[in-house]
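Laboratory data are not the source of any read-out in this text; all were calculated from the coordinates shown. Given the structure is predicted, the values throughout are model-derived calculations rather than measurements. Note that each Cβ is placed from the backbone with ideal geometry, even for glycine, and that neighbours are counted across all protein chains shown.
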Amino acid sequence: MKRVTIKDVAKEAGVSYATVSHVINETRHVEPETEERVKKALKKLDYSPNIMARSLRGGQSKTIGLIVPDTSNLFFAEIARKIEDIGFQQGYSVIIGNSDNDLNKQKNYIDTLIAKNVDGVIFISTGSQELDLEIFPQNKIPIVVADRDMSLEIADVVLLNNKEGGYIATRHLAELGHKKIGCITGPNSLSPSMERVEGYKKALIDFDIIFHSNLIEVGDFQFKGGEQATDKLLKNNPDITAIFVLNDMMAIGAMRAARRHGLVLPDDLSIVGFDNIELSEFITPSLTTIAQPFGEIASIAVRLLIERIQGNWENRKNQRKIFPPKLIIRESTIKRV
Ligand code: RIB
């Protein structure tokens, strides 16, 4: 006999997963008519709370959930690999959900992980702030937010100091003598992208380098998006000598666009990326970039989550672990000639 889940009850009652969870846990006011419909569905399906199953099984499924925005993005592929590796070493299986940068798919994975009775979740957001992560603590599931900051009372946060990363990347180009430095951003709504651009602009001010808005083009953290944005940037600024690109995948796309414009790399154009994905050292010229400490981010996120799973997590003060960025100098940046 298949165990009835909250998703089944939600479907039967014609309400959201969150509404059923609020009725069961009495965590939020629900309209009487809706509450009645949910209670009828609970009775009709003879629902027994997952938490009951969890307590019968000693409270742990020894499974961790991980939700990332895009498994085809090499940054997320590498961070997911590290988290899975470290989680498995600690005795936890890791269920990885790809939200595809889509809010609805992200919500679907949130519901699925709760229905699967995971012990805890590491969460990298698609970036939308319209998100109700309260549903995790309401189901007694601790959560750690990684990489993209979220102002949450309910979660530990582990990420990089992105503003400092943008500053260091741009300072490197300024110290090489570049006086016209462009920037290819990620999606504007994402906190890592906005913070890196802040660092870029601060470095330009500190080094008395002129800034104007057409030195910035918006990308999408993908190879093709980096190529297309660089194409526009070079058309508008043919005399540019350096570009700070906000992730390595777009920087690789930027290199192809530069060559299409007849530029020789790095002689005619210096490029700095961000992330230090494994591929960045194997391309020609090898990419100067800002390293994200994949292993440390993963191990701290897993450690904080397991501490919560195994301890009295509801009262421990939330922790924010912000890593310093590190400049990795390779062949793609040289002194301005
Ligand atoms: O490459 C994807 C980017 O988005 C990375 O820089 C990472 O920080 C994520 O937020």
Fill in: Descending principal axes extents, the chain, alpha-carbon based, whole Å
76, 39, 34
Worksheet item: Can you give the net charge of the other residues whose Cβ lies under 12 Å from the Cβ of residue 75, counting K and R as +1 and D and E as -1?
Response: -3
Discussion item. Taking the beta-carbon count within 10 Å as an exposure proxy, list 235, 317 from fewest neighbours to most.
Written reply: 317, 235
Item to complete: Take residue 337, project a point 7 Å from its Cα along the Cβ direction, then tell me which residues of the range 234-268 have their backbone nitrogen under 13 Å from it.
Response: 263-268
Worksheet item: Dipole magnitude of the chain about its Cα centre, charges +1 at Lys/Arg Cβ and -1 at Asp/Glu Cβ only, in debye to the nearest 20?
Response: 520 debye
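At 0.36 nm per residue, minus the direct Cα-Cα distance, what do residue 303 and residue 103 gain on full extension? Give it in nm, one decimal, please.
The residue 303-residue 103 span can extend by a further 69.3 nm.
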Practice prompt. Compute the distance in nm between two label points, each set 7 Å from the Cα along the Cα-to-Cβ direction, one at residue 279 and one at residue 259.
Written response: 1.4 nm
Worksheet item: Can you list residues whose amide H is under 5 Å from residue 219's amide H, if they're 5+ apart or on another chain and H is modeled 1.01 Å from N?
Response: 185, 186
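State, as an integer percentage, the relative contact order of the chain based on alpha-carbon contacts under 8 Å between residues 6 or more apart. Intermediate results must be reported in sequence, preceding the final value.
Details: 647 pairs, mean separation 54.3, N = 337.
It rounds to 16 percent for the chain.
Could you sort the peptides 294-302, 200-208 by per-residue average Cβ neighbour count (10 Å cutoff), highest mean leading? List each step's numbers first, then the result.
Details: 294-302: 20.7, 200-208: 16.6.
By packing density, highest mean first, the sequence is 294-302, 200-208.
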Worksheet item: Alpha carbon centre of the range 60-97 versus the range 131-184: separation in Å?
Response: 19 Å
